[in-house]
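The values are calculated or read from the model by the stated rules, or taken from the named source; none is laboratory data. Owing to the predicted nature of the structure, the values given are computational and were not obtained by experimental measurement. Every residue, glycine among them, receives a Cβ derived from its backbone with ideal geometry; neighbour counts consider all protein chains shown. Remember, those area values only see protein heavy atoms, side chains included, never the ligands or the DNA or RNA. Shrake-Rupley method; radii C 1.70, N 1.55, O 1.52, S 1.80 Å.
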Amino acid sequence: MKVNVAVVGATGLVGSMMLKVLSEENFPIDNLYLFSSKKSAGKKIEYCGKEYTVEELKEDSFEGRNIKIALFSAGGAVSEKFAPIAAKAGVIVVDNSSAFRMDPEVPLVVPEINPEDIKMNKGIIANPNCSTIQSVLPLKPIHDKYKIKRVIYSTYQSVSGSGIKGISDLEEGTQLAYKYPIKNNCIPQIDVFLDNGYSKEEMKMINETKKILHDDSILVTATTVRVPVKFSHSISINVEVEKPFEVEDVKKIIGDYPGMVLQDDLANEVYPMPLMAADKNEVFVGRIRRDFTVENGLNLWSCADNIRKGAATNAVQIAEKVLEV
């Protein structure tokens, strides 16, 4: 059954990738509608051999078009205004911004982990933060088997997380996205700082992890850092669990879990790296080893393309699950 689909923010980095992934997945699209800001309206975009004209997003954009699913990637302010309008018009919105992620009425979904939450949607489904997605995937099977007590995240996040401006800062030496030069530098600030000393990005990871894993008892802390890499985020994850484990068993449950690729062969120096994860849909996990400083501690390393799995692919996978419901 083919359905009408809209992409909001179609000309941006993530919007363009959403179209690419929809095409790769042969998503059953009948009519496709592309929306953007007034500035980008009128642009031509080719999708599956057909040319489409990008429209300016307006309050009546969803009326009378029988749009089943809209993928939003145009920022929080746009989502806050237009996602409820779309939902009221009968559209199921998959929103890539942080606007609705912590709303108790809105499911926050990684399809390999909690697809059942999709059924609770009231017209809006939230796509998690890119760093959260690639972190909770390896955490899920560990939590199911050993029960996680505490998580410490240290992230190494690529400039594409700041969009085209971030890439320009790295490649052209501009300072459009960051206060400081990013080339040959690491910036321990992603998003604004809050009163508690954490950045907004760090609090996103802390709160979203608990919501996706359905467990508020997990203790989570995070330090998020921007690094001079174009695509793919890397994350060092330290985990403390309640039950004893064998490292080889942890490797097996991660290697067997959908959406992940185990890369952990120290003898041959095989481990995940952002360069190899770029333009892939999977999350790559390795450097799995015991943390000897606590009774049941574990270290692991995760790499994933933040524009693909961290945004576009996860959104399209949610849309595919919506059609199954």
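Summary table
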item	result
Matching option when the condition is out of contact with any Gly (no Cβ under 8 Å at 6 or more places or on another chain) and without any contact (Cβ under 8 Å) to a residue 60 or more places away in the chain, among 212, 206	206
Tally, over the range 54-82, of residues that are open to solvent by 70 Å² or more (accessible area, probe 1.4 Å) and over 21 Å from the mean Cα position of the chain (by Cα)	8
The range 163-184 - residue that is open to solvent by less than 40 Å² (accessible area, probe 1.4 Å) and in contact (Cβ under 8 Å) with a residue 12 or more places away in the chain and, of those, nearest to residue 306 (Cα to Cα)	163
Residue in the range 172-181 that is part of a helix (DSSP H, G or I), at pLDDT 95 or above and more than 27 Å from residue 215 (Cα to Cα) present	yes
Top-ranked residue of the range 122-162 - restricted to ones that are in a loop (DSSP other than H, G, I, E, B) and among the polar types (S, T, N, Q), ranked as surrounded by the fewest Cβ atoms within 10 Å (Cβ to Cβ)	158
Tally, over the range 133-164, of residues that are in contact with a strand residue (DSSP E or B) (Cβ under 9 Å, 6 or more places away or on another chain) and under 13 Å from residue 108 (Cα atoms)	1
Top-ranked residue in the range 202-222 [being among the hydroxyl-bearing types (Ser, Thr, Tyr) and more than 16 Å from residue 130 (Cα to Cα); ranked as surrounded by the most Cβ atoms within 10 Å (Cβ to Cβ)]	221
Tally of residues being more than 22 Å from the chain's Cα centre (by Cα) and open to solvent by 40 Å² or more (accessible area, probe 1.4 Å) across the range 245-286	10
Any strands (runs of 3 or more DSSP E) falling wholly within the range 1-103 and containing at least 1 residues that are among the hydrophobic types (A, V, I, L, M, F, W, C) and free of Cβ contacts under 8 Å to residues at least 40 places away in the same chain	29-36, 44-47, 92-95
Set 283, 261, 241: member being under 26 Å from residue 188 (Cα atoms) and not basic (Lys, Arg)	283
Selection count where residues are over 20 Å from residue 126 (Cα atoms) and either part of a helix (DSSP H, G or I) or not aromatic (Phe, Trp, Tyr) (or both), scope the range 270-325	27
